[in-house]
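Data first, discussion second: the structure below is written as structure tokens.
Every number here is computed from the coordinates shown, using simple stated rules; none is lab data. In this text, all values refer to a predicted model and were calculated from it rather than measured experimentally. No Cβ is skipped: glycine too gets one built from the backbone with ideal geometry, and neighbour counts run over all protein chains shown.
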Amino acid sequence: MASRFYIETLGCPKNEVDSEKLVGTLLAQGLTATDDETEADVVVVNTCAFIE
């Protein structure tokens, strides 16, 4: 059974792009995405930081 992952993206549109890239990488490694964080083996919280 493949490990399942859940990604919560908070912040700016750049974070959305970063999360989409991460999803592609995780899927390519054989993990399965889930919309329910309680079912996930891996949870990623992608947040924003201000860039100067």
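Residues in segment 16-38 that are surrounded by 12 or more Cβ atoms within 10 Å (Cβ to Cβ) and aliphatic (A, V, I, L, M) were compared, and the one that is nearest to ALA49 (Cα to Cα) is LEU22.
Matching residues to (1) outside any loop (DSSP other than H, G, I, E, B); (2) touching a strand residue (DSSP E or B) at 6+ places or on another chain (Cβ under 8 Å); (3) of a type in the set (A, V, I, L, M, F, W, C):
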| site | (1), (2), (3) |
| --- | --- |
| TYR6 | yes, yes, no |
| LYS14 | yes, no, no |
| GLU20 | yes, no, no |
| THR38 | yes, no, no |
| VAL44 | yes, yes, yes |
